[in-house]
Structures are given as structure tokens and as C-alpha cells.
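Working notes for the structure below.
The values are calculated or read from the model by the stated rules, or taken from the named source; none is laboratory data. Predicted model, so just to flag it, every value in this text is computed and none were measured. Here Cβ is always computed from backbone atoms with ideal geometry, including for glycine, and neighbour counts include all displayed protein chains.
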2 protein chains.
Amino acid sequence: MKLAILFGGASYEHEISIVSAITVKEKLSRFELSFIFCDQDHKFYLIDGTKMKAVTFSRGEHRKMPQIFLTNGGFEQRGLFGSKKHEMPILNLIHGGDGEDGSIASLMDFFHIPFIGPRKEASMLSFDKHYTKWLAASLDVKTLSYEILRKEEKREIATAYPFIVKPARLGSSIGVSIVRDASELDYALDVAFEFDNVLLIEPFINGVKEYNLAGFSARGEITYSIVEEPQKAEFLDFEKKYLDFSRSGNVEAAAVSEALVAQLRESFAKIYLPLFEGALIRCDFFEIDGEVYLNEVNPIPGSMANYLFEDFSAAIHKLLASLPQKKSIRVNYDYIHSISQAKGK
Amino acid sequence: MKLAILFGGASYEHEISIVSAITVKEKLSRFELSFIFCDQDHKFYLIDGTKMKAVTFSRGEHRKMPQIFLTNGGFEQRGLFGSKKHEMPILNLIHGGDGEDGSIASLMDFFHIPFIGPRKEASMLSFDKHYTKWLAASLDVKTLSYEILRKEEKREIATAYPFIVKPARLGSSIGVSIVRDASELDYALDVAFEFDNVLLIEPFINGVKEYNLAGFSARGEITYSIVEEPQKAEFLDFEKKYLDFSRSGNVEAAAVSEALVAQLRESFAKIYLPLFEGALIRCDFFEIDGEVYLNEVNPIPGSMANYLFEDFSAAIHKLLASLPQKKSIRVNYDYIHSISQAKGK
């Protein structure tokens, strides 16, 4: 089965996308894989599978490989004697900007290229943590209380210390800080405002239980991963997260009650359906006093959360066979015809 | 000054986009205009200005004109002896799907083409009337109460008759009905569900005062149009709206108090800033008991609401000179370098 892994992007998470792609390559060896790299200028290159190493990109060696161009139905490789078309479904593995903000989804849809990944609405609502709060509230999925701080506003925060400061529109913990008291505030805000003009502020709950659950919908039912209790650090900084994106070994399911698993799955399904159809997503939850709270939606999780699936290859196979179809709209010019006729010409 | 009008699109509003473009052409004669038609298959054609007539498209005559392709920085016209690049800012005049759902915004941003029109986030939040409710609520802008009905749900509606049924994601009154009693309900829902799986239901207030206000931000301040009291029909059906999109004569400002104008502008500014920067939008309001309610945001209003501006050409000129810049992200491969060094290779 053919599949092209699309990675890179003009994003703060460009490097971890490369790491993710290299990891997923190993896990999907049963597929007939292609690799499409999107550079920071939005040029696409078809990468030789044997060169799928991080240094290929950091050294700029991808520029010696064939450049390809988006065209209706796929990517086109142009040559002196005509062009060659590469038509296959895409696995969108561009984390952060471009990949998760709706750009790649819009491009794939517009050019009629089937793809695994969040559609544009799903991207937009999950890329901005503020909008995710609106989404969760509308679906009766609990989240922590929050406030929004904009760059141009006075730095007044109602949330009690300690709290966590996050740029609204970045993943991978970039620009995120825990603020324990007033002395740490300005620095944390300065850092976060480097990455976004809008910040999300949430209470920081020391020692809160965290659970991650991935899944996707195919053939009318959701396939869930195991529930993972992620490694206990206060939160993952970028370097730890970077290593996290190269995870490939399977993990142990968290030792949790069936009732909790059911609650996590219920919240996952509320968020997932129907908005995220076509994507394999990971939802990160908190458990507080027996209640499940959504922390984050990762619509393109690091290395596709492969380590949470017993048979990741089979999972991708199943999802690929069940991608949502975009409703096609045919234009019939009825009104123009009737108006032209009325005018007698 | 160069400007290309982009119109058409795979959308239920394809035809009114053509009408809009023809109207705007006349109003922007001071510009050096180009015309780019997007057909229902997402092929782009460079249209001869003298052929900018509705029948050109309904008869398929555009297919005899040069096909052009999206490329970094503009559109490319390919020929036997190389290609010609068309680089100019774009006025996104594709109404409805493609133009207003974030697709065109994503494409223009991705290919680094400056454009007038809503950016992708603004598009997605205004294209779906449900999300517009969330946006307005977060900004303390009043809207009518509403409920959501999904196709798969039981047809139970809590709103009292009469109410209005709208597909969540369409403009131009397509699929919209007023439902006066239970006997009219099923038909209205059937019609609306033809166009979307999600409907918005709002109370219908007979004789409510309506006011439209357009505007845009440039050089740090908002330029407002006059306030219009739109023609009094229960609501505009598609045919009336179609004619509405070809409006070019200036209208009279509504006879309203300065206080009301100030209220309308205040609500407009709350919605507009900073989300809609780069776009000229029209907000449609209700006035109920002296209070202003947002009815709809039109991020690409019919014929760009040219008839509400005293000097429309000057308005577009001003907006074009003040388009938002997308923050460019440079990738530096610091992590890959440090990891490669640690590995000693």
C-alpha cells in the first residue's frame, strides 16, 4: 500500500517533525513509503528513503533531491522531457505551524489529495488552545479554568500561583513555563510572547494524574490505543519532548480502572466525532477527584503515538481505508442562465 | 496599482462570486486589474478583462483562456518556451466555500501571495455560524440565543415559533427558512440539511431593525462605511441576494442616532480586531430595545460592499497598503546539530 509521509514545514516544530518522520518510517516498513519534505520556504522535495536521517536536512542535502510541486491529485516532478506525477495518500506529519494550523489540510483538500490528518476546521480548533476551550465547553468536556492574556494588555492575572503560561498556538511545550510567584512572572510572559501574541494561563496542579489516549475513527467505530500514564516531569521541556518524538518502543498500559478507561474514552469520542475524522489524534487528560479533564488535543501527535498501538501498521492501514470524502459541489449556472435569458442574450 | 480579482470557486456561491467580480471590476477601474477565475475543479484561468461577463463562464469559454498555476509568490503561466509569472496582490472575492472557509487564505499564505480577505482563522470562525457565536460571546458582543441541530440528532427544538433555520456553514441565505409552526418544520429542516449536517436555529423576530456596517483596519485605525438599513424583506432569498451582489450604486446612510452608530462601530471593532486584519468585512446587526446584536459576519461581502463606501477605490487602495505581514519562522537545526554532535557524527 502506497503512502507518502509529509514532514518539515515552516514551524518551530520543524526539527521534531523530521525526528517524527524518521521514527514513523521504521514503524511503517510494511507500506510502500515515499517521503516528502516541506522546507521552511514551502518548497517540497522527494526524499530518497535511504537518506532519511536528520543530518540530510540540517546539512541541506535535500536540495540535491528532486523538487516536486503540488498539483491536482498529487505532486508533480518536472523534468526536461515532461513531468511525472506522484499520486498516493499523504500522512501529514508536519507538527505545529503549517501542519496543524489548517494550511496543509486546506492544501490537500484543495488539490484533491487524500490524507491522514486533521481537516481544516479540526486543525484550527485544536491548534489554538483558546478555541479548544470553546470546543470542549460546547461538548461538555471538562477542562481547567483559564484566562487569556494578550500582548497589548496589562499584565494582570487573576489565577492564583502557581500557574502555567502557554502560548495559545504552539505545541511541544515551546514557550511554556510554570510561574510560582510574582518574581517569575515577567520572564515567563516575555518568553511566551516571543512565540505568540495570545497566552493561555491555567492553574498548575502539582502532582496531578495525567493520562494520554490516542485513537481514530474508521468504518464507523473508534479504535482506541492503550491508556498511557506519561513520564512524570513537571512538564516536558522542548528537549525532552524532542526525544519523546522519536519514541518507537511500545509502552505499558497504565494501571487504571476500567471505569476510568471508559471515562477517558467517552471524553475522547466527544472531542473526536465528527470533527477529527481522518486523523489519528492523541488527547492528553488530567484526572482530578475521579473526574476527567481534557488538557490538550494533539491532532498530529509526535511519531503518530505509534508506541501506544499494539499494531501501528494495521491501525494506519485501517484509517487509510476509511478517510472521509469531501462533498463535491457541482456548479450548474442556473441563475446566470435564467438571467441571461431574461435579458434576451 | 496592480490587483488581481480572484473569483469563482467550488461553492454554492460560485455564480454570485462571478456577479460580484463583474461589479467590483467597474468600481475599481483606477487599478491595473487582472482577473483570476477558479473553476469548480480548482483550475485557475487568467481571464481577459473584456470577457468579464457572466456568460463567459456559464458557456465554459474561460477554458480557452490561459490556465495558470499557484507557485511561490504568485501564479505561473506555463508555455512552450518557459513560464511567465504573474505577481500581484489578490482580492479574494470567492464567496462561501473555498473563499470564506479558510482554503484560499491558507493557499495565499502558503504560497506567500499578499491578499485582501480574511486570514484562515478569521475565515473559519466566521464561516461557521456556530463558531461565530463562540467568538462573539468571548468578546462580549451580543447575539440572539440559538441552538444547534445535527443531522443525526432527533428533531427536537426548544426555541419557540417562529424561528429561523440556517445551515451552519453557508452564506447568501442558501437553505435558510423561517418556520412559523410545526407543520413547516420538517420541510425547512430537510432543505437546510441538504447543505450542511449542522444547523443553527434562532428566534425569528418580526420587524426587527437591521443595520449593516462595513469596514477595515489600515494604518492602525478602522475605516468605517456608512450604516445601511438594508431593504426590508423577511430575509433575502437566494435570487434577491444574487441581485444584491451586483449592487454598485451608492446607498443612503440610515437615519440613525449618533449613539447607535457609535454602538454599531464599537461592536464592529470588537469583532474585527485583530482577527480580521487584512479583510474588508461587513457586519450585519439587529437593534433590539436600544441594544445592538451581531447577526452575521460577512468576511467577503457581496461586491465587497462597495456601495457603502463613498470612495471605494480609495478604500481598497488604503487597505492594500496596510496588509498584515505573516511572521516568518526561520529554522536553525540547533537540536539536530547538538544531537548529531553528541552522537559524534
- If you take the residues in the stretch A:173-208 that are hydrophobic (A, V, I, L, M, F, W, C) and free of Cβ contacts under 8 Å to residues at least 40 places away in the same chain, which one is farthest from A:Gly96 (Cα to Cα)? A:Ala182
- Of all strands (runs of 3 or more DSSP E) completely enclosed by the stretch A:156-212, which ones contain at least 3 residues that are among the hydrophobic types (A, V, I, L, M, F, W, C) and at pLDDT 95 or above? A:163-167, A:198-203
- Can A:Ile222 be described as surrounded by 13 or more Cβ atoms within 10 Å (Cβ to Cβ) and in a loop (DSSP other than H, G, I, E, B)? no
- Hey, can you tell me all the residues within the stretch A:142-170 that are under 30 Å from A:Met108 (Cα atoms) and either within 14 Å of chain B (Cβ to nearest Cβ) or surrounded by fewer than 21 Cβ atoms within 10 Å (Cβ to Cβ) (or both)? A:Pro167, A:Ala168, A:Arg169, A:Leu170
- Just to be sure, is B:Ser303 free of Cβ contacts under 8 Å to residues at least 24 places away in the same chain and not in a loop (DSSP other than H, G, I, E, B)? no
- Note on the structure: Of the residues in the stretch A:56-77, those that are over 24 Å from B:Arg78 (Cα atoms), at pLDDT 95 or above and either assigned by TED's automatic domain parsing to the domain that holds A:Ser313 or crowded, with 16+ Cβ neighbours inside 10 Å (or both) come to A:Thr56, A:Phe57, A:His62
- Note on the structure: Note on A:Gly97: of the conditions (1) modelled with pLDDT under 95; (2) part of a helix (DSSP H, G or I); (3) within 22 Å of A:Ser303 (Cβ to Cβ); (4) not polar (S, T, N, Q), unmet is (2)
- Message: Looking at the stretch A:56-114 only, could you name the residues that are without any contact (Cβ under 8 Å) to a residue 40 or more places away in the chain, within 12 Å of another protein chain (Cβ to nearest Cβ) and closer than 28 Å to A:Ile329 by Cα?
- Response: A:Phe69, A:Glu76, A:Gly102, A:Ser103, A:Ala105, A:Ser106, A:Leu107, A:Met108, A:Phe110
